[in-house]
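Some notes on the structure that comes next.
The values are calculated or read from the model by the stated rules, or taken from the named source; none is laboratory data. If you're wondering where the values come from, they're calculated on a predicted model, not measured in any experiment. Cβ placement follows ideal geometry from the backbone for every residue including glycine, while neighbour counts extend to all protein chains displayed. Ligands, DNA and RNA are stripped out before the accessible areas are found, and what is left, the full protein with its side chains, is counted by its heavy atoms. Shrake-Rupley method; radii C 1.70, N 1.55, O 1.52, S 1.80 Å.
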Amino acid sequence: MPPLVEVQRRLRDAVVGPGSSAIIPLLVGGADPGERLAIHRRHCEGSLVRALLEKFPATTWLIGSPAMHDAARAFVGRHPPIAPCIAEYGENFPGFLADREGSPSLAYLRWFAELEWRLVHAAIAIDRPALDLHSLAEHGDLSDVELVAQPGL
């Protein structure tokens, strides 16, 4: 059995990449490990497409849902996530969308989608640091502590 980090890498590559042959021998139980893995691949693709569609609703309105859905699926297939946070996924989508053959020929499509991407990032921006456990413990009685939301909220 390979080390855990290697198993995790193989599983990630099998779920978001084209090659699943490296992980199949490690999947035990059940009748067909390839079919079980395909379930995870479809779920991952669906989740990433949905994340893109949710981040770009105005762009979807601009070019139409079928075109946006097709572009999102193509993007997910060619650009798997490289960060563990799904909120960071899709930064390069505006350029991909504008340069994609078959996309509507709107001169402002890239800028429109980039503006929408920046609005999403502004909404989730964290300006104030979170309190760590030590800082919270220094307060002792928490009945007089006031919680303040992040400005972007």
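Can you give me the relative contact order of the range 4-80 as a percent, contacts being Cα pairs under 8 Å and 6 or more apart?
On the way: 46 pairs, mean separation 21.2, N = 77.
Here the relative contact order equals 27 percent.
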**Residue among Arg73, Arg36, Arg50 with the largest mean-square fluctuation in a Gaussian network model of the chain, springs linking Cα atoms under 10 Å** = Arg36
**Item:** Chain lengthening between His139 and Asp70 when straightened (0.36 nm per residue, less Cα-Cα)
**Value:** 19.6 nm
**Request:** Please build a GNM for the chain, connecting alpha carbons under 10 Å apart, and tell me which residue among Asp99, Asp132, Asp70 fluctuates the most.
**Result:** Asp132
**Message:** Let me check I've understood the local charge: for Ala149, count other residues with C-beta under 13 angstrom from its C-beta, Lys and Arg +1, Asp and Glu -1. What total comes out?
**Reply:** -1
**Asked** Ignoring ligands, DNA and RNA, what accessible area per residue does the chain give at 1.4 Å, in Å²?
**Response** 69
**Total charge dipole magnitude, the chain, about the Cα centre, Cβ charges on Lys, Arg, Asp, Glu only, Debye to nearest 20** = 780
**the range 1-130, relative contact order in percent, only Cα pairs under 8 angstrom and at least six apart counted** = 20
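At 0.36 nm per residue, and after removing the present C-alpha to C-alpha distance, how many nm does the segment from Arg118 to Val5 gain when stretched out fully?
Full-extension gain reported as 37.3 nm.
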**Charge sum, other residues only, whose C-beta stays under 15 Å from Leu136's C-beta, Lys/Arg counted +1 and Asp/Glu -1** = -4
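With a 1.4 Å probe and all protein chains left in place, how much of the accessible area of the chain comes from carbon and sulfur atoms, in whole percent?
Percent of accessible area from carbon and sulfur atoms in the chain: 60.
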